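Working notes, beginning with the structure itself.
The values are calculated or read from the model by the stated rules, or taken from the named source; none is laboratory data. Fair warning: this is a prediction, and the values are worked out from it, not measured in the lab. A quick note on method: Cβ atoms are made from the backbone with ideal geometry, for glycine too, and the neighbour counts reach across all protein chains shown. Only protein heavy atoms, including side chains, enter the accessible area calculation; ligands, DNA and RNA are left aside. Shrake-Rupley method; radii C 1.70, N 1.55, O 1.52, S 1.80 Å.
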Amino acid sequence: MIVNLKVIVAMSGGIDSSFALWLLLKQGYDAIGCYLLMSDGHEEDMKRAQEICDRLGVSFNVVDVKDRFSNEVIKPFIRSYSKGVTPNPCIFCNPGVKFKVLFEMLEKFDADILATGHYARIVKSDLTYNIARGKDLKKEQSYVLYRLKKEWLNRIIFPLGDWTKDEVKAKAREIFGEVFRDVPESADLCFLGEKEKFKDFISTNAQATKGPIISTKGDLLGYHDGLVFYTVGQREGLGLSNGPWYVLEIRAQDNALVVGRKADLYKRTIICIHPHWLERPMVGATYAAQHRYKAIPKTVMLTSLDEGEFVAEAIESPFWGVAPGQSLVLYDGEIVVGGGIIASFER
């Protein structure tokens, strides 16, 4: 039983953070609920988070971070898409907005630690703290946390790290009844409204200009509706004959979409920029590397490393569908070593 430790719990109105709050209370923590209002269109989520806190006897606080979220996450996301780059907004939201604000709340309430409903773990080794994969490998979220500050880790806990999603659902049903029965899983693009489609969002916020679809040899195959509607590896929505065709490259400089066959998407060497390390990497060492959220990790060797760039080469099977703007995250076993933003790749 934990005694007299005050924890700030990030509440989303979903099943994971609600169960995490219940679990921490059961363990004896003094909890404070915190809802980060990042964008409009989530009134039901905020209301549900309030109801859960009221039911569990926990104070509930709303922090309006819409301006910060817009400037730090949404606007850069739109600019990247307009340039043919496909970022993962969670990668930048976690260190730049979500956890930064939670640490501000930590100081405001003179709390000891903060907690979120992420499926990941914080593990202690000797005198250092590390991020590790969660128990549920189908759900685990350490990938989107790799850019957190190392000095934060001793004041963060992930209560769901040793739980599977199915276990959480079953136990939460016992505790909360049918509260979450019709609540959809949280989306990767949390800034979309409850019924908003990504295509509608990007159409409203980014310029979409029709342009050519070409083969790797430069042959004109058709026309696209705007580069912002496509990502590397995409197959649907191309409208081309003699397929299947896949998006290989998004060339913003001439508004062209380059397509090819599935085999053309296999890449062995990945060049990354803006690295962020939680553990010291070693050139010549091998790591498990993940190039997308929920992608199957590949064994790589770190072949080059400097302050602003690193290169990883797949040792066994190559990566498929590598997209500039996504992150390549390196693991030593279950421990997150760090990673960087994918800039380019070689076959």
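What to note about this one:
- Residues that are within 14 Å of S12 (Cβ to Cβ), in contact (Cβ under 8 Å) with a residue 60 or more places away in the chain and in contact with a Leu (Cβ under 7 Å, 6 or more places away or on another chain), drawn from the stretch 90-113: K98, V101, L102
- Matching residues, the stretch 254-284, being aliphatic (A, V, I, L, M), under 24 Å from S82 (Cα atoms) and not in a helix (DSSP H, G or I): A256, L257, V258, V259, I270, I271, I273
- Index of the failed condition, Y35 passing every other in (1) touching a residue at least 40 places away in the same chain (Cβ under 8 Å); (2) within 19 Å of K66 (Cα to Cα); (3) in a strand (DSSP E or B): (1)
- Residue match in the stretch 20-31 (condition: touching a strand residue (DSSP E or B) at 6+ places or on another chain (Cβ under 7 Å), among the basic types (K, R), in a helix (DSSP H, G or I) and open to solvent by 10 Å² or more (accessible area, probe 1.4 Å)): no
- Test: residue in the stretch 245-253 that is open to solvent by less than 60 Å² (accessible area, probe 1.4 Å), over 27 Å from P95 (Cβ atoms) and not in a strand (DSSP E or B): yes
- Failed item in (1) more than 21 Å from E334 (Cβ to Cβ); (2) open to solvent by 60 Å² or more (accessible area, probe 1.4 Å); (3) at pLDDT below 95, with L127 passing the rest: (1)
- Residues of the stretch 319-344 satisfying the condition of being in contact with a His (Cβ under 7 Å, 6 or more places away or on another chain) and either free of Cβ contacts under 8 Å to residues at least 40 places away in the same chain or in a loop (DSSP other than H, G, I, E, B) (or both): V322, Q326
- Residue pairs whose Cβ atoms lie under 8 Å apart, sitting 6 or more positions apart in sequence or on different chains, and linking a residue in the stretch 198-225 that is more than 17 Å from E236 (Cα to Cα) and open to solvent by 80 Å² or more (accessible area, probe 1.4 Å) to a partner that is of a type in the set (A, V, I, L, M) and not in a strand (DSSP E or B), are Q207/V228.
- Of everything in the stretch 88-112 that is in contact with a Ser or Thr (Cβ under 9 Å, 6 or more places away or on another chain) and more than 18 Å from L37 (Cβ to Cβ), the residue that is surrounded by the most Cβ atoms within 10 Å (Cβ to Cβ) is I91.
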